[in-house]
1. Could you list, in sequence order, all residues of the stretch 369-392 that are part of a strand (DSSP E or B) and either among the basic types (Lys, Arg) or modelled with pLDDT under 95 (or both)?
2. GLY257 fails exactly one of the following numbered conditions: (1) under 18 Å from TRP452 (Cα atoms); (2) open to solvent by 70 Å² or more (accessible area, probe 1.4 Å). What is the number of that condition?
3. Looking at (1) in a strand (DSSP E or B); (2) of a type in the set (Val, Ile, Thr); (3) more than 21 Å from LEU307 (Cβ to Cβ), which is the one condition that is false for THR268?
4. Taking only the stretch 207-222 into account, find how many residues are aliphatic (A, V, I, L, M), in contact with an Asp or Glu (Cβ under 9 Å, 6 or more places away or on another chain) and either assigned to a loop (DSSP other than H, G, I, E, B) or on the phi > 0 side of the Ramachandran plot (or both).
5. If a residue must be within 23 Å of GLY276 (Cα to Cα), open to solvent by 10 Å² or more (accessible area, probe 1.4 Å) and touching a Leu at 6+ places or on another chain (Cβ under 9 Å), how many such residues does the stretch 220-240 contain?
6. Can you name every residue in the stretch 396-419 that is at pLDDT 90 or above, within 20 Å of ARG297 (Cα to Cα) and part of a strand (DSSP E or B)?
7. Scan the stretch 174-199 for residues that are over 15 Å from TRP233 (Cβ atoms) and either touching a residue at least 40 places away in the same chain (Cβ under 8 Å) or among the acidic types (Asp, Glu) (or both) and jot them down.
8. If you check every pair at least six apart or on different chains, which have Cβ atoms under 7 Å apart with a residue in the stretch 135-149 that is among the aromatic types (Phe, Trp, Tyr) first and a residue that is open to solvent by less than 70 Å² (accessible area, probe 1.4 Å) and in a loop (DSSP other than H, G, I, E, B) second?
Amino acid sequence: MSMPDEVPVSITDQRLRETEQLLREAFAAAAQSVTPTAIHVPRPADRLERSWSRWLPPAWNRPRCWDRRLRLPRLYEQVLIPFAAAAAVTVIAIAMTVVVPKAISAARGSHGGIAHMGPAGVRPAAVVHANDLAAAYPGGHVPYAPLPRFFVGIRQASAASATLTTGLAVYSVATGRVVASVAQPGGGRYYQAVAALGSDQSFVVAAIPARGPDCHTWFYRFRLGPQGRPTGWAPLPVPEVTGEVRYNNGLAASGDGNVLAYSASTCTQNSSGQVGVIHLDTRKVRTWSTVWPAVPRNLSLSANGSLLSFVGNASNGTKAASQVEDAVWTLRTNAAPGPVASHYRKVLHAPGGVQSATLSPTGAITFAMTASNPRRPTARENVNAYDTATGKPLGLVQAVRYLTDGPGFTPDASGQHVLVYPRNTPLIQELNLTTRRLMTVSVPAVPIAVAW
């Protein structure tokens, strides 16, 4: 389902192409219409005659040898004048065919339409092209991965109950329809975050206690069958994790399925927390402590799990949390355990804060969505590409819609597609980062977290 104010891609592109073609045809017709008699250029003789006859007596106004009308050479009159005029029209036509497409391209925005102006009328960044994103993918080759058929969401099953109840739903990417579901785990636990684990349709989900003093997170794993049916649901065989994954997007997995990252609260009064990674082949856990106002969220990993990124305030303990202070940070997962502030690096900060971000498979490029005005009830914000090493903007990917509580931003295993999901609306956006194709589907039950 498309947003009411959005222009379909096919209609807008067709109108732009028709306008450009009409300009080309008009200039071509103008150039062909120039004939020897189409343009009158005053001859020097005309001006000479008028200047003499103005001062001579009437009797003297007779043709004489020195006052004979001069005729221009036929080459000048019939060839050079039309050629010059046609050349001028051709130059204009060429300039327009070069300038107009560039102006149209620069003005393109969401769904191929005209881009919205930014704050204070500042024009948006140039659109990034697929070739500019080659470094984001292994071997420098942009993938042509098929769109996943399904995505998994966590939905709250009973909002009125005193005990929080959640379940897993499997959604069709094409229609948004729920094709399967998984009940809440036992033991008084509920689902809090979900992530795709590799490229074989495996998923991992984090569960935390619904009540009581226990402060732990448990992980479960399952796979989707060809028709989206969950199979093999079982606890993930990893050591017990101290702390609770509080954010719905506080979980990420590497594209190769070997590394799991999480952000957890230690359930203490000083609001401390930790960022951790689990190597599933060795079952080793490595953690880095965080202090308020840092609450890392929107985690993502490079394909081999060597680089972790997250969004949040600085881990400095010096001021209250502020959305406008949210930045993108990266952390090497082989860094020594200790305070996260000793090892992380700031990649990007924006005046309105960073809403969401995700690493490319190689980690060389970061895709991020910034909030120019978080207080607007609805907004159209840009997903941009940035150089991870320098924070330099590479260009606009696409404009997306979100609501005030901020969106989730979840990549698939290929790193070519992301899901954008405002958590209080039944609209899910599916964005191809390299082709810039954006689709919107409506879901019957609003998920609080999604992965595909």
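1. Narrowing the stretch 369-392 to residues part of a strand (DSSP E or B): 369-370, 378-387.
The answer is MET369, THR370, THR378, ALA379, ARG380, GLU381, ASN382, VAL383, ASN384.
2. (2)
3. Checking THR268 against (1) in a strand (DSSP E or B); (2) of a type in the set (Val, Ile, Thr); (3) more than 21 Å from LEU307 (Cβ to Cβ), the one that fails is (1).
4. Here is the first cut: in the stretch 207-222, the residues aliphatic (A, V, I, L, M) are 207-208, 210.
Checking the rest, the ones that are also in contact with an Asp or Glu (Cβ under 9 Å, 6 or more places away or on another chain) come to 208.
After this cut, where a residue has to be either assigned to a loop (DSSP other than H, G, I, E, B) or on the phi > 0 side of the Ramachandran plot (or both) as well, the list is none.
So the answer is 0.
5. Counting residues in the stretch 220-240 that are within 23 Å of GLY276 (Cα to Cα), open to solvent by 10 Å² or more (accessible area, probe 1.4 Å) and touching a Leu at 6+ places or on another chain (Cβ under 9 Å) gives 5.
6. Within the stretch 396-419, THR410, PRO411, HIS417, VAL418, LEU419 meet the criteria.
7. Once the filter is applied, which keeps residues that are over 15 Å from TRP233 (Cβ atoms) and either touching a residue at least 40 places away in the same chain (Cβ under 8 Å) or among the acidic types (Asp, Glu) (or both), the stretch 174-199 yields ALA174, THR175, GLY176, ARG177, VAL178, VAL179, GLN192, ALA193, ALA195, ALA196, GLY198, SER199.
8. TYR137/PRO143; TYR137/SER360; TYR137/PRO361; TYR137/THR362; TYR137/GLY415
The values are calculated or read from the model by the stated rules, or taken from the named source; none is laboratory data. Since this is a predicted model, take the numbers as computed values, not measurements. Please note: Cβ atoms are built from the backbone with ideal geometry, for glycine as well, and neighbour counts cover all protein chains shown. With ligands, DNA and RNA removed, areas are computed over all heavy atoms of the protein, side chains included. Shrake-Rupley method; radii C 1.70, N 1.55, O 1.52, S 1.80 Å.
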